Amino acid sequence: MQAILKRLKDSASGDPREAARALLLSLGVPLFSLLLFMILWSVVAPRIQTSLGTVPGPVQVMEQTQALWADYFSDRKRRIAFYERQEQRNKEQVAQDPSYQPTIRAYTGKPTYLDQILTSLKTVFAGFLFGTVIAVPLGILAGSSRIVQAAINPIVQIFRPVSPLAWLPIVTLIVSAAYVTTGEPMFAKSFLVSAITVTLCSLWPTLINTAVGVTSVDRDLVNVGRVLKLPLMTRVRKIILPSALPFIFTGMRLSLGVGWMVLIAAEMLAQNPGLGKFVWDEFQNGSSDSLSRIMVAVFTIGLIGFGLDRIMQFLQELAARR
């Protein structure tokens, strides 16, 4: 949106025809392509027959979107009523017996569509942050030292192409064996499995781009830091990071996109809570509305992925101004 406004502002000060051309390219063409896509979708979808019925068109998908919203609000009302009833019963028990210790049981209703979206977002951010914490320091070391780069390069080349389908059973077995708790666990095992799988698959773009960014730092600046005998952390903070920041953010944007795609597959295969499990459950359900709900999830996944990329771009621009 900022790029569109900037283009319109720049063209408005010049030739009116250029302003009209900029408006057409920025808004007219995208809107036309979306309209054409919706028309083609509406025409083609009813002609494709599947085991769950015809492929839903835009109208059916919108109806299921509204139905999922209605389910969320209905569940919210049931949740509120559930806790209100408990509170009322506890008050009555305390009135009859002052020594009674009230207890509140957690609501155990089925997660709604929005709950599953929030679960997926929490998981992908946890895996992404953990991967960034590992990748950025390793990338700085690899870009600063040829020995470190030669040491970790085989590891990167071997594990970078590995699919989450291969990581998932390994991570599941390790987490099940290592994460043993006696009381209430801090994190659910399903959360750890999905988050670690996201980390293993998404840290490589950040690591590689960070190393490339560090190697592209002006060597004169690095030599000045050495001549001044600046401490290593000062050189990293004052010289290396500011110069490599665009590369680091590019890697982080790629990693977040990879992590989001990996998470959906991991949730679907491992039956962990989230959007991936929602898609799989609807596929297994096989009702007449299942295909429409899967289409809702497809658009949701795409829009969230687009939004995450825009957030990272905004943070990159914000960091570049400082």
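The values are calculated or read from the model by the stated rules, or taken from the named source; none is laboratory data. Computed from a predicted model, the values in this text were never measured in an experiment. For neighbour counting, all protein chains shown are included, and Cβ atoms are generated from backbone atoms with ideal geometry for every residue, glycine included.
The table for this structure:
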item	result
Where Asp289 falls short, out of the listed (1) modelled with pLDDT of 80 or more; (2) under 30 Å from Ser176 (Cα atoms)	(2)
Close pairs (8 angstrom Cβ cut-off, 6 or more residues apart or separate chains): outside the structural domain of Leu241 (by TED's automatic domain parsing) and closer than 13 Å to Val217 by Cβ in segment 139-153, of a type in the set (S, T, N, Q) and not in a helix (DSSP H, G or I) anywhere	none
Index of the failed condition, Ala265 passing every other in (1) over 16 Å from Thr206 (Cα atoms); (2) free of Cβ contacts under 8 Å to residues at least 12 places away in the same chain	(2)
Enumeration of residues in segment 46-71 that are under 21 Å from Asp281 (Cβ atoms) and exposed (fewer than 13 other Cβ atoms within 10 Å of the Cβ)	Thr50, Ser51, Gln66, Ala70
Some residue of segment 232-255 being among the polar types (S, T, N, Q), more than 29 Å from Glu63 (Cβ to Cβ) and in contact with a Ser or Thr (Cβ under 6 Å, 6 or more places away or on another chain)	yes
So Leu230, is it in the same structural domain as Glu267 (by TED's automatic domain parsing), closer than 20 Å to Leu245 by Cβ and without any contact (Cβ under 8 Å) to a residue 40 or more places away in the chain	yes
Long-range neighbours under 7 Å by Cβ, at least six apart or interchain, first residue touching a residue at least 60 places away in the same chain (Cβ under 8 Å) and surrounded by 19 or more Cβ atoms within 10 Å (Cβ to Cβ) within segment 285-300, second of a type in the set (A, V, I, L, M, F, W, C) and not in a helix (DSSP H, G or I)	Ser290/Leu52; Leu291/Leu52; Leu291/Val55
